[in-house]
Amino acid sequence: MEKKVKNTSQKKNLAKMQTMKLNDCKAVILKLVDELLDATSMMSNSPSIKEQWSIHLVIVNLLSKINQLEAEFELKPLSQRNDQSIEKLTKWATKNGAILNGVEIHQFENYAYGMKANKNIAVGDKLVVVPRALMMTEENIPSSPLWKLHSQDMMLRNMPNVALAIFILVESLRKDKKSFWHSYLTTLPVTYSTPVYFDVADLEALKGSPAFEAALKLNRNIARQYAYFKKLFQLSNDPASVILKDTFTYEYYRWAVSTLMSRQNTVPSSDNPSENVSALIPLWDMFNHRSGRLSTDYAKSSNVCVCYADGDYAADDQVYIFYGVRTNADFLVHNGFVYPDNEHDAVKIRLGVSRSDPLYSLRYRLLQTLSLPALAEFYISPGPFPVDGKLLAFVRIFNMDQKTLDNWIQMEEKHCLNLTLLDGTLDPALEIKCWEFLQVRISLLIKQYPAPQENADNLSTFQQLAHTQIQLELEILKNALAYVKQHLDVVLKS
């Protein structure tokens, strides 16, 4: 009896010590969270890439310390993706009205899970039907534990995707495990390859690419949101905060955000069908991407998402869908993959007219005639015509002298459209300046990229993604440079 009492006392003491240790961890984490909020808010108005990278290193250092402390809470992965959980997902979805016709979820080599044809499929066949009731959208929040906090917090109200990410965590971490979407949430990927999972060396491998700045911004925003909500949940006692107070971690938050970024679609709002809301759509989000045409529709009359075959498939083929017109930089940052055969790929180039330019008002006026802003992002595309009319018009206006600007401003709007034409009848001297400007600008973009890797096989998975992205962008830029040089030669010889 005495031994039993002693063991019970030891267990209580151990539990007490563990509680004290965890409370100490929380206190240190909250101090680091304050530093993280400061670090993510110290950016200047127009930060250089160097400044953004410097701040990113500070953020990484703080998050590393936070992750080590949060690991003390021994929280488990929110997903248990395997064949058994996939089978439960299929049963749950079909029980609640979903239809699978000719396809099934299957694990493919090099693709993880995807959709496999279990019979011959013809283009246009209806493959998957998912009722609105199965989807996770912000419209589900009013009936969830998150509703009270959502109605009080400005960030949750004004940033629907952030609210949806928190909603994913609330439903995943409910202690009663009564979430309607439990069978869906437990089949989501355990981890992702979005840039919020890149370490310093991985992200550094993207330097030179427009995706680098986008990835820095994404990491900064997610870190700031995490810090904001970490403090909010500690200070609040609403139902959602009670669930997340001791379970909300950076690891969980970047998982939820990556889940949403990489799998979301949009569906019509129930309140205003002319507007869309973001949605997670079970089963539909198991399709992998390939180039093609959009083959998903939303039937408002029956409130279902319908996915059709975008081509013919034989039994056992992997069945794909087209995710939409996006660059590989967009795919990398938001979906965590690069698609080498992306016919819609492009490299972003940012150009602007400085307000200190003595001719700013004239340039701005002419740009407005063509609905072009004074600070704009353009895209250089692959293929035979890498420079589009809008970019050409901007460069021409940027390089005009006062007399030329005055002449064009006096013309009718329809004549100004000639500025967008490749073979527009323009002053040869101006054309030379424009093509030389583009030649210099594209050459500078190419020089920003790092030296080629000697042995890409030794790169990490994320570094290989970055390497592929950079090689694809360099191909586009080198093709564009050859195109510009060709046109410059023509103008010089004319």
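On the stretch given as segment 416-454, residues that are within 38 Å of the chain's Cα centre (by Cα) and open to solvent by 70 Å² or more (accessible area, probe 1.4 Å) total 14. Step by step: first the residues of segment 382-415, then only those that are surrounded by 14 or more Cβ atoms within 10 Å (Cβ to Cβ) and among the polar types (S, T, N, Q), then the one that is farthest from ILE446 (Cα to Cα). Which residue is that? Checking each candidate, the answer is THR404.
Taking helices (runs of 4 or more DSSP H) that fall entirely within segment 203-275, which contain at least 1 residues that are of a type in the set (A, V, I, L, M), within 30 Å of SER301 (Cβ to Cβ) and open to solvent by less than 20 Å² (accessible area, probe 1.4 Å)? In segment 203-275, 250-263 are the helices (runs of 4 or more DSSP H) which contain 1 or more residues that are of a type in the set (A, V, I, L, M), within 30 Å of SER301 (Cβ to Cβ) and open to solvent by less than 20 Å² (accessible area, probe 1.4 Å). Within segment 82-102, the set of residues being in a loop (DSSP other than H, G, I, E, B) and in contact (Cβ under 8 Å) with a residue 24 or more places away in the chain comprises ASN96, GLY97, ALA98, ASN101, GLY102.
Applying the set (1) modelled with pLDDT under 95; (2) farther than 25 Å from ARG174 by Cβ to LYS76 leaves exactly one unmet item: (2).
Here TYR379 meets the list (1) surrounded by fewer than 18 Cβ atoms within 10 Å (Cβ to Cβ); (2) touching a Ser or Thr at 6+ places or on another chain (Cβ under 9 Å) almost entirely, failing just condition (1). Residues in segment 170-196 that are in contact with a Ser or Thr (Cβ under 9 Å, 6 or more places away or on another chain) and not in a loop (DSSP other than H, G, I, E, B): VAL170, GLU171, SER172, LEU173, HIS182, SER183, LEU185, VAL196.
Looking for something under 29 Å from SER295 (Cα atoms), in contact with a helix residue (DSSP H, G or I) (Cβ under 9 Å, 6 or more places away or on another chain) and in contact (Cβ under 8 Å) with a residue 12 or more places away in the chain - is there at least one such residue anywhere in segment 223-243? No.
Restricting attention to segment 410-439, report how many residues are part of a helix (DSSP H, G or I) and either among the hydroxyl-bearing types (Ser, Thr, Tyr) or touching a residue at least 40 places away in the same chain (Cβ under 8 Å) (or both). Counting residues in segment 410-439 that are part of a helix (DSSP H, G or I) and either among the hydroxyl-bearing types (Ser, Thr, Tyr) or touching a residue at least 40 places away in the same chain (Cβ under 8 Å) (or both) gives 14. Inclusion of ILE166 among residues that are without any contact (Cβ under 8 Å) to a residue 40 or more places away in the chain, touching a helix residue (DSSP H, G or I) at 6+ places or on another chain (Cβ under 9 Å) and among the β-branched types (Val, Ile, Thr) is not warranted. Of everything listed in (1) closer than 21 Å to TYR197 by Cβ; (2) loosely packed, with under 14 Cβ neighbours inside 10 Å, the single unmet condition for HIS56 is (2). Of the residues making up segment 103-131, not one is open to solvent by less than 20 Å² (accessible area, probe 1.4 Å) and without any contact (Cβ under 8 Å) to a residue 60 or more places away in the chain.
The values are calculated or read from the model by the stated rules, or taken from the named source; none is laboratory data. The structure presented is a predicted model; accordingly, all values stated were derived computationally and were not measured. Quick reminder, even Gly has a Cβ in these numbers, built from the backbone with ideal geometry, and neighbours come from all protein chains shown. To get the accessible areas, we keep the full protein, side chains included, count just its heavy atoms, and leave off ligands, DNA and RNA. Shrake-Rupley method; radii C 1.70, N 1.55, O 1.52, S 1.80 Å.
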